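Everything on this sheet refers to the single structure shown next.
The values are calculated or read from the model by the stated rules, or taken from the named source; none is laboratory data. Computed from a prediction, not measured in an experiment: that's the story for all the values here. Methodologically, a virtual Cβ is constructed for each residue, glycine included, from the backbone with ideal geometry; neighbour enumeration extends over all protein chains shown. To get the accessible areas, we keep the full protein, side chains included, count just its heavy atoms, and leave off ligands, DNA and RNA. Shrake-Rupley method; radii C 1.70, N 1.55, O 1.52, S 1.80 Å.
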Amino acid sequence: QVHLVESGGGLAQAGGSLRLSCAASGRTFSNDYMGWFRQAPGKEHEFVAAITWSDGSTYYADSVKGRFTVTRDSAKNTVYLQMNAMKPEDTAIYYCATAASESIRAAQSYADWGQGTQVTVAS
């Protein structure tokens, strides 16, 4: 059974930084994509970033490109989302999820999800 646990959320000031972690367990993830999504109140899940476990290729939403960086530590089965130059519109619950499909920007491609971590950016 896949288990994903996010951590690192909290309150940041506009222009500040946070780093989220997602610890994955339960099976081998070498052929998967690990994605980060966020959901603001009253909105759908929004793709933020993704990384492939195999070669570390990264993908970003235009809204976070140049500000957020996704990395992985294969030895620890952990994926990170470094968020810099944060904006109030980054406020949301952030989720990590695993996908085997290449349609990585679609939430429907992801089978397993963490419980989410709240990120709040104050202006």
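Give segment 59-95 a look and list any residue that's without any contact (Cβ under 8 Å) to a residue 40 or more places away in the chain, part of a strand (DSSP E or B) and among the hydrophobic types (A, V, I, L, M, F, W, C), or say none. Phe68, Val70 - these are the residues of segment 59-95 that are without any contact (Cβ under 8 Å) to a residue 40 or more places away in the chain, part of a strand (DSSP E or B) and among the hydrophobic types (A, V, I, L, M, F, W, C). If you go through segment 6-41 one residue at a time, how many are open to solvent by 60 Å² or more (accessible area, probe 1.4 Å) and modelled with pLDDT of 95 or more? Number satisfying all stated conditions: 4.
Within segment 70-107, the residues that satisfy the criterion of being open to solvent by 20 Å² or more (accessible area, probe 1.4 Å), within 15 Å of the chain's Cα centre (by Cα) and not acidic (Asp, Glu) are Thr71, Arg72, Asn77, Tyr80, Gln82, Asn84, Thr91, Ile93, Tyr95, Arg105, Ala106, Ala107.
Within segment 108-123, take every residue that is in a strand (DSSP E or B) and open to solvent by less than 40 Å² (accessible area, probe 1.4 Å) and give me the one that is farthest from Gly42 (Cα to Cα). Only one residue tops the list, namely Tyr110. If you go through segment 76-101 and keep only what is modelled with pLDDT under 95 and over 15 Å from Ala49 (Cβ atoms), you end up with Lys76, Asn77, Ala100, Ser101.
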